[in-house]
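As structure tokens, the structure follows; a few thoughts come after it.
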Number of protein chains: 4
Amino acid sequence: MHKLGIGVLGVGEMGKRHAENLRRLVPEARLAAVADVAADRAREVAAELEVEHSFRSFDAMLEHKDVDAVLIATPDKFHARAICEAAAAGKDILCEKPLATDLPQAHEALAAVAKAGVRLQIGFMRRYDPAYEAAMRRVEVGEIGEPVIFKSVGRDKDVPPLAAYQSNVNGMVFYNNTIHDFDLARWLMRDEVTDVHAYTTVAIRPEIAQYGDVVASVVNLKYQRGAIGNVESYVQAIYGYDVRTEIVGSKGSIFVGSVDKMPATFLTAGGGVHVLADHFLSRFADAYLAEVRDFVHNMLNDRPPRVSGEDGLRALAIAVAAENSHLQGKSCMVATEQSGQRRDSQTVSS
Amino acid sequence: MHKLGIGVLGVGEMGKRHAENLRRLVPEARLAAVADVAADRAREVAAELEVEHSFRSFDAMLEHKDVDAVLIATPDKFHARAICEAAAAGKDILCEKPLATDLPQAHEALAAVAKAGVRLQIGFMRRYDPAYEAAMRRVEVGEIGEPVIFKSVGRDKDVPPLAAYQSNVNGMVFYNNTIHDFDLARWLMRDEVTDVHAYTTVAIRPEIAQYGDVVASVVNLKYQRGAIGNVESYVQAIYGYDVRTEIVGSKGSIFVGSVDKMPATFLTAGGGVHVLADHFLSRFADAYLAEVRDFVHNMLNDRPPRVSGEDGLRALAIAVAAENSHLQGKSCMVATEQSGQRRDSQTVSS
Amino acid sequence: MHKLGIGVLGVGEMGKRHAENLRRLVPEARLAAVADVAADRAREVAAELEVEHSFRSFDAMLEHKDVDAVLIATPDKFHARAICEAAAAGKDILCEKPLATDLPQAHEALAAVAKAGVRLQIGFMRRYDPAYEAAMRRVEVGEIGEPVIFKSVGRDKDVPPLAAYQSNVNGMVFYNNTIHDFDLARWLMRDEVTDVHAYTTVAIRPEIAQYGDVVASVVNLKYQRGAIGNVESYVQAIYGYDVRTEIVGSKGSIFVGSVDKMPATFLTAGGGVHVLADHFLSRFADAYLAEVRDFVHNMLNDRPPRVSGEDGLRALAIAVAAENSHLQGKSCMVATEQSGQRRDSQTVSS
Amino acid sequence: MHKLGIGVLGVGEMGKRHAENLRRLVPEARLAAVADVAADRAREVAAELEVEHSFRSFDAMLEHKDVDAVLIATPDKFHARAICEAAAAGKDILCEKPLATDLPQAHEALAAVAKAGVRLQIGFMRRYDPAYEAAMRRVEVGEIGEPVIFKSVGRDKDVPPLAAYQSNVNGMVFYNNTIHDFDLARWLMRDEVTDVHAYTTVAIRPEIAQYGDVVASVVNLKYQRGAIGNVESYVQAIYGYDVRTEIVGSKGSIFVGSVDKMPATFLTAGGGVHVLADHFLSRFADAYLAEVRDFVHNMLNDRPPRVSGEDGLRALAIAVAAENSHLQGKSCMVATEQSGQRRDSQTVSS
């Protein structure tokens, strides 16, 4: 069997999971190398996964002959640059979300990909989750009629360490967390978001305001064909990892999500107790695996990737508009144009 | 036992339910009379419930010696005037929501009540639902810490007849449906909403736009102490009557609501099927009963009503701001002042 | 409207609920009198419900001209005798389950009813529960194909006081609790149980063994047409009141029941918590009301009652066979014949 | 890292899954070889998993120097013989359930293991399922007090092909399906089952009676310390794969299981629809993996296996007693003694 040789850039929690999946669970892939600016970490992961090569430098990995494609799992703000480098080296790319942390870099990355004639997939893995996939199939066959309202909730369990805000390698919550919901907002509704309005809060953690981030947000959405929506994010829900989405239509509604971790109920005089989900790597374990399998299969068979760079750009544009709404205190238009970023995100109607 | 003599004004679907409850299930009450502009309907309900007196005129009922208090269940836009008349006649009042359909009338009604020295309760019956009550108790003891996000969904099952829009006796969806959620938004969060932003749609029923109403809405909320929220309404969900609310806090979260009508699951090769809730009179049957019982009990014992006229005013002010946001395409401040209605609902920050 | 005059015999917890329903919620009924050997209790309930007459003696109540029918809610072991007396007085009867606590008395009661030409309904109120009714409708239209397995669980919440065992007015658990499931076993499967096998335990409360009762039981069922089943009972589940039933068929399955008391979930770091159901009077409040309404309506309209004396007899026969299995340590045949009680309940196959 | 070399015997659906897990997901294992009487199948699986050696003969695989341990996944009735051969060759063994299909062979296998001084684990993988493990932890810390009732349901989705009955390589349902529940019955209750009583049915498929098998069964259990239980099995539930277990105690209860396949609900005018679980390989995917990982880890570290041959024997003894009860129509004692199989399984009490 011909296999796709892959190098993974960035082997922190997320990149290591991808590397494990590629090494063990994707028969069509061969994990050729891993790279990380933390050379020790790269070496350790390579040893643990029995991968021949580990690098400190992305360039060195890109030059290796066994690397046909790369998976980018660096901190968010390095995504765009890594895409440019990989494209220049002629490699196909699976890049974790977001495509970039601002629109100019996003356009630069897409231009590099286009120029090099390589293919780029963005890591919106929820599209590969069995429940979200089942939802999409039902939307597509018209089971809920015309979509009217999109709703999504994304809550993380643990209080992020202050260092995560200080380093700011991932941008504010809209770019790192909510962007999943922004992508679902487009994909499941099969329509484009044109305007957003955001309220945010730092109420229970005022010290993070100085880093430009928030604890929670609600973002109203307006769609091109008239539908509406709302996306809520909360980064320290304490009780669990809670991701839920609804697509409400003219004939019915679809609800995806569960806060339960396992099918077990404990009944005592104090009530019935369920154990709650706690982490995205367990909730979406199957989705992450299906994602890399699909990417590898499509690359080997000269097919386009399932989630395009354009998808990455459009989700990013919603995040940018949401941040602008947060900063300016008014609703903002969603615009993808590079040069017009500031101008295009002006208030819609005031 | 001394009983509170009550007259019910308006015996359509809602008023008739109240009359039935008062007649049969509230030992402390005596249903003395019913009145309805449709004199036939008043007579029929009186006969069915074995009530001695039925009236076509509210005035006539108010003059009756056995009527100590009135329950107002007319179309929304007559609420304020009925309150004024009942107050002038010295009767205590339980009035269905909303208090009024605009702020000037609301202030007029409250002034009449104050002047007459009578008591007024607004019919936010969800506060009496066992699940919402349990939620409130847990909020009060601090179980979820500091409230951070309020979420609520209210979806009605059936497509409203066009005549309902044409007659416009209830005002747009914010005044008749969403106002329940606006009340919960204040009550459960124990805080005041200061700003709102609304997106609305008529996408799947454009012909109602001419009546100033919408099919669905999402309303972002901003609270005085920094919390945020969102309320969604949809008037023709088709699949069922679906009311759900979440209060998300710094230590945990409370979720109220279920779309299931009964505890039964039907498992076939096509999947597991649940029968869904279909109407507010069945979902909130216990709450409506508890509401009138509590009102009657408090009146008999010279206690203040549990849901005040002020509560009615404040929920109305949120609805007014939401409508303004819908009309003006920008976020609006919530203001209760009579004279300043237009001025106070200006855009918050632009 | 002509109304059915009813006297309630026995106004303990259960009888009082029936009296309240009849007094307030059944327009076709007139609660004419209550009777109880505890004359004070009868007087108090009569006062509270504003019923004109209260009696210490059943005979006295039966002689009253306004009493067209009686509802019997005495302790179980007085049911059969009360039925005989009511029948002799020419009254129609709604009797709480069980029909009797042994087969000879059951036959005596049925003979008295037949001789007097009155009508008798047995209080298997679960047949009136909306979820059980929905299940039955789906069974009847063949949705699950041929029924193969019947399963039922009945768990009470509180530890019964020792006095309840000492007085033994209700017979062992099979006659007072499990008999509901035995009735469902016949009704929902539309077939007759021919054999049973019971294991029982007093493990966590050995002191009740001396009263001939048990803490928990599992009863295997064998049906005439080949289906099988199992019924579990547990009288001190502590965590809640938990009644669940499944009908498993060749094409699908129906599950009825929920341990949740209300639609509310409390999410904290310790897990997701549900408040649990705690009492049959709340779980089956609607069923008890529908039961008396239906009885009254059928009596007034000269229709047969929905749950017959024969139904009472057949459920009792299963309970008798289950007790015999418990006593004899082997499976037993179900037999309804009066004279042959001992002989017919012999071991099936050994 | 030192790795455990493993050979898999039998690479049908189950054995192939084990081989895949060992090859890809168990870093401490090296899948050295596969064997199957269907040599083609062995070759294909070896090719697909890139395993160097494939054999038609178990003996040949046992002689291979890289094979330190074997995983046996043949049809049930060959388990015991394979264990004997593997033991004689000095290999540690993970054998799918059941240990054997009768007690004499079971004892023979255990004797061979003892004589050879090798270790044997039986494949009761449910003990490794996260929900069952969580249940066991709560039982162990006393959360539900003293266990009183054990309940378990095991339903397979698809109608087994007639050929499966004709070949009879797996024994009747008790040995192949219900034995999982019999193992849970011991493990979760931390007690031994002493007596059983079974009712069975072939009602909807009478043609399988000639093969000594049944479509459904209910088995009552009696425990040494006084608890009771019931296990239901149904081999053609059509609607889905449905495994549920309850452990009911003096202070609370634990419920494990869900019939839902994924966290998605589809709400339409016809009701709320859930997609149902359909296969044990998906429901217990994690458990199968955890099982082989734990076995491999314990073997490498000279620890005893977590599920012993004795566990296999005791679960088998319950299945044997259940079959005897089915055949003899009476309750039967559970006995593990080889020579006394017939004698020990006599009726308990008649």
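The values are calculated or read from the model by the stated rules, or taken from the named source; none is laboratory data. Bear in mind the structure is a predicted one, so any value in this text is a computation, not a measurement. Heads up, the Cβs are rebuilt from the backbone with ideal geometry, glycines too, and the neighbour counts pull from every protein chain shown. Areas reflect the complete protein model, heavy atoms only, side chains present, ligands, DNA and RNA absent. Shrake-Rupley method; radii C 1.70, N 1.55, O 1.52, S 1.80 Å.
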Quick one: which residues, 5 or more positions from residue C:121 or on another chain, have an amide H under 5 Å from its amide H? H modelled 1.01 Å from N in the peptide plane, none for Pro or chain starts.
C:93, C:94, C:95
Once the dipole of segment A:1-123 is set up from charges on Cβ (+1 Lys and Arg, -1 Asp and Glu), the residue from the list A:67, A:29, A:19 lying farthest towards its positive end is A:29
No solvent, one uniform scatterer per C-alpha: report log10 I(q)/I(0) for chain D via the Debye equation at q = 0.08, 0.12 1/Å, two decimals.
-0.39, -0.90
Please identify, among D:109, D:29, D:39, the residue showing maximal mean-square fluctuation in a Gaussian network model of chain D using a 10 angstrom Cα cutoff.
D:39
Roughly how many debye, to the nearest 20, is the charge dipole of segment C:142-214 about its Cα centre, given +1 on each Lys and Arg Cβ, -1 on each Asp and Glu Cβ, and no other charges?
220
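Using the Kirkwood radius over C-alpha pairs as Rh, can you work out the diffusion coefficient of segment D:120-201 via Stokes-Einstein at 25 °C, viscosity 0.890 mPa s, in µm² per second?
Numbers: Rh = 15.0 Å.
This corresponds to a translational diffusion coefficient of 164 µm²/s.
Calculate, for residue A:297 and residue B:158, the FRET efficiency according to 1/(1 + (r/R0)^6) with r their C-beta to C-beta distance and R0 60 Å; round to the nearest 0.05. Show your work: numbers first, answer last.
Working: r = 47 Å, r/R0 = 0.78.
Approximately 0.80, to the nearest 0.05.
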What accessible area, in Å² to the nearest ten, does a 1.4 Å probe give for residue D:102?
50
Given all pairs of distinct Cα atoms, segment C:166-260 yields a Kirkwood Rh in Å of 14.7
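Nearest 100 Å² is fine: how much accessible area is buried between D and C, summed over both sides, with a 1.4 Å probe?
On the way: alone 15550 and 15540 Å², together 27750 Å².
Its buried surface, counting both partners, is about 3300 Å².
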In the protein assembly as shown, if every C-alpha pair distance is counted and binned at 10 Å from zero, what percent goes to each bin?
1, 8, 14, 18, 18, 17, 12, 8, 4, 1, 0
To the nearest 20 debye, chain D has a Cα-centred charge dipole, built from +1 on Lys and Arg Cβ and -1 on Asp and Glu Cβ, of 420
More than 24 angstrom apart: percent of Cα pairs within segment D:1-101
11
Shortest first and in nm with one decimal, please list how far the residue D:65 label point sits from its counterparts in the other copies (point 7 Å along Cα→Cβ).
3.3, 11.2, 11.6
Which residue, D:309, D:142, D:15, has the most motion in a Gaussian network model of chain D that connects Cα atoms within less than 10 Å?
D:142
Add +1 for every Lys or Arg and -1 for every Asp or Glu among the other residues with Cβ under 12 Å from the Cβ of residue D:123, and state the total.
-1
Using R₀ = 45 Å, calculate the FRET efficiency as 1/(1 + (r/R₀)^6) where r is the Cβ-Cβ separation of residue A:337 and residue B:190; round to 0.05.
0.50
Quick one: work out the % antiparallel among DSSP beta bridges in the protein assembly as shown, nearest 5.
60
Can you work out ³J(HN,Hα) from phi for every residue in segment A:253-262, in order, using Karplus 6.51 cos²θ - 1.76 cosθ + 1.60 and θ = phi - 60°, giving whole Hz and x for Gly and Pro?
8, 10, 10, 10, x, 7, 8, 7, 7, 8
Helix-only [θ] at 222 nm, chain C, -39500 (n - 2.57) per DSSP H run of 4+, per residue, nearest 500, equals -10500 deg cm²/dmol
Quick one: with label points 7 Å out along Cα→Cβ, list the inter-copy distances for residue A:50 in nm, shortest first?
0.9, 8.6, 8.6
Inter-copy distances for residue D:302, label 7 Å out on the Cα-Cβ vector, sorted ascending, nm, one decimal, are 5.9, 8.8, 9.3
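Give the dimensionless ratio obtained when the Cα radius of gyration of segment D:97-165 is divided by 2.2 N^0.38 Å. Kindly include the intermediate steps, with their values, before the conclusion.
Values: Rg = 17.5 Å, N = 69, 2.2 N^0.38 = 11.0 Å.
Rounded to two decimals, the normalised Rg is 1.60.
If Lys and Arg each add +1 and Asp and Glu each add -1, what is the summed charge of the other residues whose beta carbon sits under 14 Å from the beta carbon of residue C:78? Provide the component values of the computation, followed by the final result.
Working: positive: C:77, C:81, C:97; negative: C:36, C:59, C:76, C:85, C:96, C:102, C:108.
Computed value for this residue: -4.
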Accessible surface of chain C [probe 1.4 Å, protein heavy atoms]: carbon and sulfur percent:
48
In whole Å, how far is the Cα centre of segment B:194-260 from that of segment D:130-163?
41
Long-range share for segment D:64-209, i.e. C-alpha pairs more than 26 Å apart as a percent of all pairs, stands at 39
Compute a Gaussian network model of chain C, connecting alpha carbons closer than 10 Å, and tell me which residue from C:209, C:185, C:35 fluctuates the most.
C:209
Once you compute Rg and the Kirkwood Rh from C-alpha atoms, what is the Rg to Rh ratio for segment C:191-350?
1.03
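Would you mind counting up the charge near residue D:212? Only other residues with Cβ under 15 Å from its Cβ, with Lys and Arg at +1 and Asp and Glu at -1.
On the way: positive: D:77, D:205; negative: D:76, D:102, D:207, D:213, D:323.
Taking every other residue near residue D:212 into account, the sum is -3.
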Axis proximity, chain C to A: residue whose C-beta lies nearest, plus whole-Å distance:
C:273, 3
Suppose the chain between residue A:224 and residue A:114 were pulled fully straight at 0.36 nm per residue; how much longer would it get relative to their current alpha carbon spacing?
36.9 nm
How large is log10 of I(q)/I(0) for segment D:145-192 at q = 0.14, 0.19, 0.28, 0.30 Å⁻¹ when the intensity is taken from the Debye formula with one equal scatterer per alpha-carbon?
-0.47, -0.71, -1.08, -1.16
Output wanted: per-residue J couplings in Hz (rounded whole) for segment B:272-285, from phi through Karplus 6.51 cos²θ - 1.76 cosθ + 1.60, θ = phi - 60°, x for Gly and Pro.
x, 10, 10, 7, 9, 4, 10, 7, 5, 5, 8, 4, 10, 4
Rolling a 1.4 angstrom probe over the protein heavy atoms, how many square angstrom per residue are accessible across the protein assembly as shown?
35
Can you tell me the FRET efficiency between residue A:59 and residue A:211 if r is taken as the Cβ-Cβ distance and R0 is 22 Å, rounded to the nearest 0.05?
0.10
Just name one of D:160, D:148, D:134: the one whose Cα is farthest towards the positive end of the charge dipole of segment D:133-175 (beta-carbon charges, Lys/Arg +1, Asp/Glu -1).
D:160
Give the share of C-alpha pairs in each 10 angstrom bin for segment C:127-171, from 0 to the last occupied bin, in whole percents, shortest bins first.
19, 31, 21, 21, 8
Directionally averaged projected area (convex hull, Cα atoms, segment B:105-145), nm²:
4.4
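So what is the relative contact order of chain C, in percent, for Cα pairs below 8 Å that sit 6 or more residues apart? Before the final figure, lay out each step's value.
On the way: 759 pairs, mean separation 64.5, N = 350.
Contact order relative to length: 18 percent.
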